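Working notes, structure below.
The values are calculated or read from the model by the stated rules, or taken from the named source; none is laboratory data. Remember, it's a predicted structure, so these values are computed and weren't measured experimentally. Ideal geometry is used to build each Cβ from the backbone, glycine not excepted, and the neighbour counts take in all protein chains shown. Note: accessible area is taken over every heavy atom of the protein model, side chains too, but ligands, DNA and RNA are not part of it. Shrake-Rupley method; radii C 1.70, N 1.55, O 1.52, S 1.80 Å.
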Amino acid sequence: MTTNNQKIILLVGLMGSGKTSVGKRLSKKLDLPFVDGDREVEKAAGLPLVDVLKCFGPEEYRAGEARVMKRLLQGPACVLASGGGSFVAEQTRLYAKKNAITIWLKADINVLYNRTAGREHRPFLKGHDSNLKSKLEKYINEEYPYYSEADIIVETKEEQVDITVNRVIDAINNFLKQQN
(Lines give C-alpha, C1' and ligand atoms only; values in the text may rest on other atoms or scores of the structure.)
Protein backbone atom coordinates (compact mmCIF):
# COMPACT_ATOMS: atom_id res chain seq x y z
CA MET A 1 0.00 0.00 0.00
CA THR A 2 1.37 3.39 -0.99
CA THR A 3 -1.20 5.64 0.68
CA ASN A 4 0.06 8.93 2.04
CA ASN A 5 -0.73 9.03 5.76
CA GLN A 6 -0.05 12.77 5.92
CA LYS A 7 -3.42 13.68 4.41
CA ILE A 8 -6.96 13.22 5.56
CA ILE A 9 -8.97 10.72 3.52
CA LEU A 10 -12.37 12.42 3.15
CA LEU A 11 -15.31 10.27 2.08
CA VAL A 12 -18.19 12.21 0.54
CA GLY A 13 -21.54 11.14 -0.89
CA LEU A 14 -25.22 11.02 -0.19
CA MET A 15 -26.66 9.35 2.88
CA GLY A 16 -26.60 5.62 2.27
CA SER A 17 -23.57 5.69 -0.03
CA GLY A 18 -21.47 3.83 2.53
CA LYS A 19 -19.28 6.56 4.01
CA THR A 20 -19.44 5.24 7.58
CA SER A 21 -19.24 1.50 6.90
CA VAL A 22 -16.49 1.90 4.28
CA GLY A 23 -14.73 4.53 6.39
CA LYS A 24 -14.50 2.36 9.51
CA ARG A 25 -12.93 -0.55 7.62
CA LEU A 26 -10.75 1.70 5.48
CA SER A 27 -9.32 3.36 8.59
CA LYS A 28 -8.26 -0.02 9.96
CA LYS A 29 -6.57 -1.02 6.71
CA LEU A 30 -4.77 2.34 6.47
CA ASP A 31 -3.96 2.39 10.21
CA LEU A 32 -5.60 5.80 10.60
CA PRO A 33 -8.23 6.94 13.10
CA PHE A 34 -11.83 7.01 11.89
CA VAL A 35 -13.86 10.18 12.40
CA ASP A 36 -17.59 10.37 11.67
CA GLY A 37 -18.59 13.92 10.68
CA ASP A 38 -22.19 13.42 11.79
CA ARG A 39 -21.10 12.27 15.27
CA GLU A 40 -18.81 15.30 15.52
CA VAL A 41 -21.74 17.61 14.70
CA GLU A 42 -23.77 15.87 17.41
CA LYS A 43 -20.93 16.31 19.93
CA ALA A 44 -20.58 20.00 19.07
CA ALA A 45 -24.32 20.61 19.39
CA GLY A 46 -24.88 18.29 22.33
CA LEU A 47 -27.90 16.85 20.52
CA PRO A 48 -28.74 14.04 18.09
CA LEU A 49 -28.77 15.15 14.44
CA VAL A 50 -32.56 14.91 14.22
CA ASP A 51 -32.89 17.31 17.17
CA VAL A 52 -30.22 19.68 15.85
CA LEU A 53 -32.22 20.02 12.64
CA LYS A 54 -35.51 20.35 14.51
CA CYS A 55 -34.21 22.95 17.00
CA PHE A 56 -32.06 25.08 14.71
CA GLY A 57 -33.45 24.51 11.21
CA PRO A 58 -31.60 23.48 8.05
CA GLU A 59 -29.58 26.68 7.56
CA GLU A 60 -28.06 26.73 11.05
CA TYR A 61 -27.58 22.97 10.90
CA ARG A 62 -25.50 23.38 7.72
CA ALA A 63 -23.59 26.35 9.20
CA GLY A 64 -22.69 24.30 12.27
CA GLU A 65 -21.73 21.37 10.10
CA ALA A 66 -19.44 23.64 8.04
CA ARG A 67 -17.72 24.85 11.24
CA VAL A 68 -17.16 21.28 12.39
CA MET A 69 -15.85 20.21 8.97
CA LYS A 70 -13.45 23.17 8.89
CA ARG A 71 -12.04 22.09 12.26
CA LEU A 72 -11.77 18.44 11.21
CA LEU A 73 -10.18 19.26 7.85
CA GLN A 74 -7.46 21.23 9.61
CA GLY A 75 -6.75 18.37 12.00
CA PRO A 76 -4.50 15.33 11.88
CA ALA A 77 -4.61 12.61 9.23
CA CYS A 78 -7.64 10.34 9.55
CA VAL A 79 -10.38 8.71 7.53
CA LEU A 80 -13.23 11.21 7.74
CA ALA A 81 -16.78 10.29 6.76
CA SER A 82 -18.48 13.58 5.99
CA GLY A 83 -22.11 14.34 6.65
CA GLY A 84 -24.21 13.74 3.55
CA GLY A 85 -24.51 17.35 2.43
CA SER A 86 -21.39 18.86 3.98
CA PHE A 87 -19.35 18.76 0.75
CA VAL A 88 -21.92 21.10 -0.85
CA ALA A 89 -20.53 23.97 1.26
CA GLU A 90 -17.86 25.81 -0.71
CA GLN A 91 -15.72 26.37 2.40
CA THR A 92 -15.68 22.63 3.09
CA ARG A 93 -14.65 21.85 -0.48
CA LEU A 94 -11.84 24.42 -0.31
CA TYR A 95 -10.44 23.01 2.94
CA ALA A 96 -10.81 19.49 1.56
CA LYS A 97 -8.87 20.35 -1.63
CA LYS A 98 -6.08 21.77 0.50
CA ASN A 99 -5.88 19.17 3.27
CA ALA A 100 -7.45 15.91 2.07
CA ILE A 101 -7.75 13.32 -0.62
CA THR A 102 -11.46 13.40 -1.41
CA ILE A 103 -13.32 10.27 -2.43
CA TRP A 104 -16.88 10.34 -3.69
CA LEU A 105 -18.70 7.12 -2.90
CA LYS A 106 -21.17 7.36 -5.75
CA ALA A 107 -24.29 5.25 -5.46
CA ASP A 108 -27.25 4.94 -7.78
CA ILE A 109 -30.81 5.61 -6.68
CA ASN A 110 -31.62 1.95 -5.99
CA VAL A 111 -28.58 1.42 -3.73
CA LEU A 112 -29.39 4.62 -1.83
CA TYR A 113 -33.05 3.66 -1.48
CA ASN A 114 -32.27 0.15 -0.22
CA ARG A 115 -29.84 1.53 2.36
CA THR A 116 -31.98 4.40 3.66
CA ALA A 117 -35.60 3.14 3.62
CA GLY A 118 -37.01 2.97 7.13
CA ARG A 119 -33.95 4.51 8.79
CA GLU A 120 -35.03 6.93 11.52
CA HIS A 121 -31.57 8.42 12.18
CA ARG A 122 -31.39 10.26 8.85
CA PRO A 123 -32.77 13.72 9.65
CA PHE A 124 -33.05 14.96 6.06
CA LEU A 125 -35.16 11.94 5.12
CA LYS A 126 -37.31 11.85 8.26
CA GLY A 127 -40.97 11.37 7.37
CA HIS A 128 -40.25 10.82 3.68
CA ASP A 129 -40.63 7.04 3.34
CA SER A 130 -43.69 7.38 1.08
CA ASN A 131 -41.77 9.48 -1.45
CA LEU A 132 -38.23 8.46 -0.53
CA LYS A 133 -37.12 7.83 -4.12
CA SER A 134 -38.21 11.30 -5.25
CA LYS A 135 -36.47 12.87 -2.23
CA LEU A 136 -33.27 10.95 -3.05
CA GLU A 137 -33.52 11.96 -6.73
CA LYS A 138 -33.78 15.59 -5.61
CA TYR A 139 -30.59 15.21 -3.54
CA ILE A 140 -28.86 13.46 -6.46
CA ASN A 141 -29.73 16.32 -8.80
CA GLU A 142 -28.70 19.00 -6.29
CA GLU A 143 -25.58 17.46 -4.76
CA TYR A 144 -23.91 15.19 -7.34
CA PRO A 145 -22.43 18.19 -9.20
CA TYR A 146 -20.56 19.13 -5.99
CA TYR A 147 -19.45 15.55 -5.28
CA SER A 148 -18.06 15.35 -8.82
CA GLU A 149 -15.32 17.76 -7.67
CA ALA A 150 -13.81 14.98 -5.53
CA ASP A 151 -10.32 13.74 -6.40
CA ILE A 152 -11.52 10.15 -6.77
CA ILE A 153 -14.87 8.61 -7.66
CA VAL A 154 -15.70 5.06 -6.58
CA GLU A 155 -19.06 3.54 -7.49
CA THR A 156 -20.64 1.81 -4.52
CA LYS A 157 -22.73 -1.24 -5.23
CA GLU A 158 -24.71 -3.90 -3.45
CA GLU A 159 -21.57 -5.84 -2.51
CA GLN A 160 -19.67 -6.77 0.62
CA VAL A 161 -18.19 -3.68 2.27
CA ASP A 162 -14.67 -5.14 2.17
CA ILE A 163 -14.86 -5.38 -1.62
CA THR A 164 -15.74 -1.68 -1.79
CA VAL A 165 -12.93 -0.89 0.66
CA ASN A 166 -10.42 -2.71 -1.53
CA ARG A 167 -11.65 -0.80 -4.58
CA VAL A 168 -11.24 2.48 -2.64
CA ILE A 169 -7.67 1.52 -1.66
CA ASP A 170 -6.84 0.69 -5.28
CA ALA A 171 -8.29 4.05 -6.37
CA ILE A 172 -6.23 5.92 -3.73
CA ASN A 173 -3.06 4.16 -4.84
CA ASN A 174 -3.75 4.97 -8.50
CA PHE A 175 -4.45 8.58 -7.60
CA LEU A 176 -1.21 8.89 -5.64
CA LYS A 177 0.80 7.33 -8.47
CA GLN A 178 -0.62 9.94 -10.86
CA GLN A 179 0.37 12.72 -8.43
CA ASN A 180 4.03 11.66 -8.47
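Below, the figures for the structure above:
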item	result
Pairwise FRET efficiency - residue 39 versus residue 166, Cβ, R0 = 22 Å, nearest 0.05	0.30
Folded to 0 to 90 degrees: helix 132-147 orientation relative to the chain principal axis, Cα	40 degrees
The range 43-120 - percent relative contact order, Cα under 8 Å, separation 6 or more	24 percent
Exposure rank, largest accessible area first [69, 15; 1.4 Å]	15, 69
Rounded, prolate or oblate (a/c below 1.5 giving rounded, otherwise prolate when a/b exceeds b/c) for the range 1-86 by Cα gyration tensor	prolate
Prolate/oblate/rounded call for the range 130-180, Cα gyration tensor, a/c under 1.5 rounded	oblate
Selection from 52, 92, 79 lying farthest towards where the dipole of the range 50-92 points positive, charges on Cβ	79
Cβ charges +1 (Lys, Arg) and -1 (Asp, Glu), total dipole of the chain, debye	340 debye
Three-way shape call for the range 28-180 based on the alpha-carbon gyration tensor, with the a/c threshold at 1.5	oblate
Taking the chain and dividing mean pair separation by its residue count, relative contact order in percent (alpha carbons under 8 Å, at least six apart)	34 percent
Protection-proxy order for peptides 138-148, 18-28, each taking the mean of Cβ atoms within 10 Å per residue, highest first	18-28, 138-148
